[in-house]
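Note sheet for the following structure.
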Amino acid sequence: KNEVEQSPQNLTAQEGEFITINCSYSVGISALHWLQQHPGGGIVSLFMLSSGKKKHGRLIATINIQEKHSSLHITASHPRDSAVYICAVIFGNEKLTFGTGTRLTIIP
Amino acid sequence: NAGVMQNPRHLVRRRGQEARLRCSPMKGHSHVYWYRQLPEEGLKFMVYLQKENIIDESGMPKERFSAEFPKEGPSILRIQQVVRGDSAAYFCASSPRRTSLAYNEQFFGPGTRLTVL
């Protein structure tokens, strides 16, 4: 069965802390998305990656194909980073399979 | 270049009515995906369409739900005889036509929040 697991489910941190959110999947994938969703809001694609590492501002995403694992890091976290972060993978066809999301709260 | 557009953003229907959700993909995109997010649940794939073709509808309920992506105009997700359990956020995403075997990134619309009374 193609599965995606995220951890932690909830994460609360102080402003300025380094944040790591993890995603593991069960079988080989074509690509992986990291998505951001604010409460009641739309979905923003932060990264799409199939290997290595990508960086955009304070956000860094890495993927280890052999380990079937990806991480999303946020440096110098800020209250506006508070959102749900969702890992979504492509298991070979076109449709995305989603993790359950990590609810991040950054306290000023 | 406008992003993926969805309308309406909010839709209220009474049980038994029909709901029509529209999705206009990004310019140049010919692939459309519909996803559903039930309250307090994760996102789930519903259907994948290309112009005038349904490619994968494995996530779509067998009854009352249908989707189309005509040659001209937006993609439509249609829910007939809505029930309270259809209340959810429905997201559309689009991607460009594949020119190679590589997977193309999907870009999401703002969603339509359907409430069934």
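Numerical summary
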quantity: Selected residue [crowded, with 16+ Cβ neighbours inside 10 Å and either within 14 Å of chain B (Cβ to nearest Cβ) or not β-branched (Val, Ile, Thr) (or both)] from A:66, A:14, A:6; calculated: A:6
quantity: Any hit, segment B:78-92, residues being among the polar types (S, T, N, Q) and under 24 Å from residue A:36 (Cβ atoms); calculated: yes
quantity: Residue in segment A:75-82 that is assigned to a strand (DSSP E or B) and either within 14 Å of chain B (Cβ to nearest Cβ) or over 18 Å from residue B:104 (Cα atoms) (or both) present; calculated: no
quantity: Residue among B:36, B:64 that alone is open to solvent by 20 Å² or more (accessible area, probe 1.4 Å) and within 12 Å of chain A (Cβ to nearest Cβ); calculated: B:36
quantity: Enumeration of residues in segment B:39-54 that are farther than 28 Å from residue A:85 by Cβ, part of a strand (DSSP E or B) and open to solvent by 70 Å² or more (accessible area, probe 1.4 Å); calculated: B:53, B:54
quantity: Any hit, segment A:51-58, residues being at pLDDT 95 or above, among the charged types (D, E, K, R) and in a loop (DSSP other than H, G, I, E, B); calculated: yes
quantity: Members of segment A:94-105 that are open to solvent by 10 Å² or more (accessible area, probe 1.4 Å) and either more than 7 Å from chain B (Cβ to nearest Cβ) or assigned to a strand (DSSP E or B) (or both); calculated: A:97, A:98, A:103, A:105
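The values are calculated or read from the model by the stated rules, or taken from the named source; none is laboratory data. This one's a predicted model, so the numbers in the text were calculated from it and none came from an experiment. Neighbour counts run over all protein chains shown; Cβ positions are idealised from the backbone, glycine included. Remember, those area values only see protein heavy atoms, side chains included, never the ligands or the DNA or RNA. Shrake-Rupley method; radii C 1.70, N 1.55, O 1.52, S 1.80 Å.
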